[in-house]
Structures are given as C-alpha cells and as structure tokens.
Amino acid sequence: MKPMMATFVLTGLLCAGATIPAAAQRSHIGPHVGYNFDLDRALVGAQLLLPIGRTVELYPSIDYYFVDQGSLFGLSGDLKFRLPTGGPSVLYVGGGINVLQAGGGASGSDTGWDLLFGLESRRGVTHPYVEGRVLNHDGSAFQLAAGLNLTLF
C-alpha cells in the first residue's frame, strides 16, 4: 500500500471511530515505553483507545525510536479486541496498519502491518498494561512495551 493511501485509510479509521458512540466503556489516552528487539532500540510513545463496542476499540498509537542518526517514527492504526477473563485484568489481541517514517540520512516511509497482544488491568481510572507487537514491513520485528491508559471521560 502506498504511503499516501495508508494515510487516507488511517484517517478514515480515526474519523469513523470518533463518530461511533461508546458502548460499555470510556475513551483512554496514555504514554508508553518499550524496546524493539530487532532494531535494538528503545522507544517512547502514546496511544488512544476509542471504544467501538463492548469488546472492540480503535487503537491508534505513535512510537518514537531512539536511533543513532536521523529519526524514526512509527504510526499504527489498529483494532483491539478484548478477550473475557472474568477478572480485573483483560487479555487482548489486535492488529492493523503500521507506517514507519525515517528522517535524516535515510529518509522515507515504509507501510506494513502489525499484530499485537497484551494484558491490561481494568481497575480504577488508570490502567497499566504490557504489550507485545510484531511489525511486518520488508522484514519482521518484535517490540515489547509497557504503559498507562488514563480514562478521559
């Protein structure tokens, strides 16, 4: 998929998610930190959770990778599916589109897809989580992140 087309698809998903009413939960936003094992680089980022239904959320996120030269950003537009566990923690899986944007010496963008899985606490208004993500571009990469989801309203 060409980068411009990927941008339009991601924008459409975000707009669609913003117009769907929250069914059984509220929207969340939060920061995360992590490590990409294949790039051998740390990352920081943020995510937004927009409920679509009782167990489905639109899950856009952005990552900044600490590279030696130039810059590297990742933008993901995912759907996240919560699996019932019967307790205060929730297992989830998901996936979607992922765009890596390099700047500096090796500038350019690469559009691919990702798969994710994680565990999130659903107690209180602050929800800590840990998540694994497989990125598939020209090759594949695995990253692990931990963060907080803060209830918006």
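Give me the residue from the range 49-71 that is surrounded by 22 or more Cβ atoms within 10 Å (Cβ to Cβ) and among the hydroxyl-bearing types (Ser, Thr, Tyr) and, out of that set, farthest from the chain's Cα centre (by Cα). If we take residues in the range 49-71 being surrounded by 22 or more Cβ atoms within 10 Å (Cβ to Cβ) and among the hydroxyl-bearing types (Ser, Thr, Tyr), then TYR59 is farthest from the chain's Cα centre (by Cα).
Please work out if PHE117 is under 21 Å from LEU50 (Cβ atoms) and outside any strand (DSSP E or B). In short, no.
Being of a type in the set (A, V, I, L, M), crowded, with 19+ Cβ neighbours inside 10 Å, touching a strand residue (DSSP E or B) at 6+ places or on another chain (Cβ under 6 Å) and in contact (Cβ under 8 Å) with a residue 60 or more places away in the chain, is that true of even one residue in the range 127-138? Yes, that holds for at least one residue. Take the conditions (1) part of a strand (DSSP E or B); (2) more than 15 Å from LEU39 (Cβ to Cβ); (3) not β-branched (Val, Ile, Thr); ASP63 misses just one of them, which is (2). Being among the polar types (S, T, N, Q), under 20 Å from ARG26 (Cα atoms) and either modelled with pLDDT of 95 or more or part of a strand (DSSP E or B) (or both) is a condition met by at least one residue of the range 125-139. Only one of the numbered conditions (1) touching a residue at least 12 places away in the same chain (Cβ under 8 Å); (2) loosely packed, with under 15 Cβ neighbours inside 10 Å; (3) closer than 21 Å to PHE37 by Cα is violated by LEU150, and that is (3). A single entry from GLY86, GLY95 fulfils the requirement of being exposed (fewer than 13 other Cβ atoms within 10 Å of the Cβ) and more than 16 Å from TYR35 (Cα to Cα): GLY86.
Residue pairs whose Cβ atoms lie under 6 Å apart, separated by 6 or more positions or on different chains, with the first residue in the range 88-109 and under 18 Å from ASP138 (Cβ atoms) and touching a residue at least 40 places away in the same chain (Cβ under 8 Å) and the second polar (S, T, N, Q) and surrounded by 20 or more Cβ atoms within 10 Å (Cβ to Cβ), are VAL99/THR111.
The values are calculated or read from the model by the stated rules, or taken from the named source; none is laboratory data. Note that the structure is predicted; figures quoted are calculated from it, not measured. Reconstructed Cβ throughout: ideal geometry from the backbone, glycine too, with neighbour counts over all protein chains shown.
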